[in-house]
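The structure appears below as structure tokens.
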Amino acid sequence: MILTILVSLYVIRIVLDVLGVEDYGLYSVVGGVVALLSFLPVSMASSTQRFFSHALGENNNENLKKIFGVNILLYLSISLIALVLLNTVGLWYIENKLILPNERMDSLRILFFLSNFTFFFKIIKSPFMAIIIAHENMKTYAYLAIFESLFKLLGVLFLTTINGDKLVLYGLILLIISILESSIYILITFKKYDECSVLAIKWDKKIAGEIINFTSWTLFGQLTTVFRGSAITLLINQYFNPLIVAARTLAVNISIQSTFLAQQFNTSLYPPIIKSYSSKNLNYMFDLIFFGSKISFFLMWIIALPVIIEIENILNLWLTNIPEYTDEFAVLTIIESLIFAVSLPLTTAARAPGKMKLYETVLGIQQVSIFFIAWILFDLNFNVHYVFYICIVMNIVMFFSRLFIVNKLINIGIKSYIKIVLPPIFKVTLVSYLITYLINNFILNDEVYLVISLLIYAVTILISICFFGLNKSQKKEILKYLIKKLNI
């Protein structure tokens, strides 16, 4: 998984060098329009995982086949609708509402067209990826994630060797990669799992109703999340220049890579949390949530703290052209993501009962409010940094909202959660930050020593987690897992 992070960061560097800062900003803006619909594959995949995991927990093979068949038909329908909307409403918005250079409009139209079909295949891939995760086949999932990163690396390396409009060629390369990924996922799932069959693709009204009801609220929640992210990008484009958009895009990418381990860990937690709920093993589910919240934060903190301390050196080593404010934006975005990392198992737990209306409504309103508050502040001539401050504050509010709603849904116990989860996180954060800050003052602030510094920071954080973040039983379980993996 570390390889995936490094490859992804290197790909971003090459793309930025090849496209240039301005074209990279334009790509982010055009991609932001497509990303407004990216809630579709995310929320649908989440729904698919939930229903598959629930059926697996009940050992209901017949239901598995019905769920698979209905999901495939739903995904095909929605992907086609999305394609039509993007190529009509989306194209109109790009041509009439965005502030884009006239001399690049032809290229941007082609890029948008290519991005739309890339998105189409991303939706098609989603149910098959969800099936692999629901079966807890995380090894296959990890290998496919690595292949995806390597495909992108080969694609951008090829981009550096060919002539033409790099913006259009990059869009074409991403489309080809998306087609390859979708094909691999489909082939693997059809070969590996009995419920994945062409004969199983049938409409079942009852199951479809359950899936649509659950998915509609999940779609609403994901829509507000994507709206917040993409709409803010478009908002910044309206009030500032493409270089600021590029800086924010780079900062978000750094944050995404910092969150990668935590996201992957939470993905592996999704099936057992849902299965334990469906099999009425609630105590085990609570243990998974408590443990998952701590580990999700720690896995991100191992990467986030070194990045925060060494952000300037990392950017100088990573990028040739660094847009202004990238370092400040990156630190603020990472802080926001750290707060969210603690919440990851709570978001999974909220989906277990299948009652999403309250959760998605409350969280959705809070997500959308970020955009409108930012809009008001920009209109009052506040600088761009304030949108990041708003996101941090709102993520704290959303964390406690999740906790209260999940307690209402599954009676997790708010006091128990706070007592078990938050003190170890605060201790690890405080101790590891103070130690790494002191160490940083004794190490030369130079790119040459960057790798050594990062290794020292990582070891310091791991020791802090071991002493302050885990209890005895958790240490034993992790040690057993490591011994098993290393075949000691």
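The values are calculated or read from the model by the stated rules, or taken from the named source; none is laboratory data. Computed from a prediction, not measured in an experiment: that's the story for all the values here. For neighbour counting, all protein chains shown are included, and Cβ atoms are generated from backbone atoms with ideal geometry for every residue, glycine included.
With respect to the conditions (1) farther than 20 Å from VAL11 by Cβ; (2) of a type in the set (D, E, K, R); (3) modelled with pLDDT of 80 or more, LYS152 lacks only one, and its number is (1).
For the stretch 188-204, the set of residues classified as in contact with a helix residue (DSSP H, G or I) (Cβ under 9 Å, 6 or more places away or on another chain) and part of a helix (DSSP H, G or I) consists of ILE188, THR189, PHE190, LYS192, VAL198, LEU199, ALA200, listed by residue number.
Considering only the stretch 396-488, give the helices (runs of 4 or more DSSP H) lying wholly within it that have at least 1 residues that are modelled with pLDDT of 80 or more and under 18 Å from LEU344 (Cα atoms). Spell out the reasoning first.
Details: elements: 414-442, 450-464, 472-486.
Answer list for the stretch 396-488: 414-442.
A count restricted to the stretch 369-398 and to residues that are among the aromatic types (Phe, Trp, Tyr) and touching a residue at least 40 places away in the same chain (Cβ under 8 Å) stands at 5. Mind checking which pairs have a first residue in the stretch 259-275 that is touching a residue at least 24 places away in the same chain (Cβ under 8 Å) and a second that is in a helix (DSSP H, G or I) and among the charged types (D, E, K, R), Cβ under 7 Å, 6 or more apart or different chains? Listed pairs, sorted by first residue: ILE274/ARG50. Residues that are under 25 Å from ASN266 (Cα atoms) and among the charged types (D, E, K, R) were ranked within the stretch 344-385; the one that is surrounded by the most Cβ atoms within 10 Å (Cβ to Cβ) is ARG351. Restricting ILE309, ILE334, ILE314 to those that are at pLDDT below 85 and either of a type outside the set (S, T, N, Q) or within 30 Å of GLU58 (Cβ to Cβ) (or both) reduces the list to ILE314.
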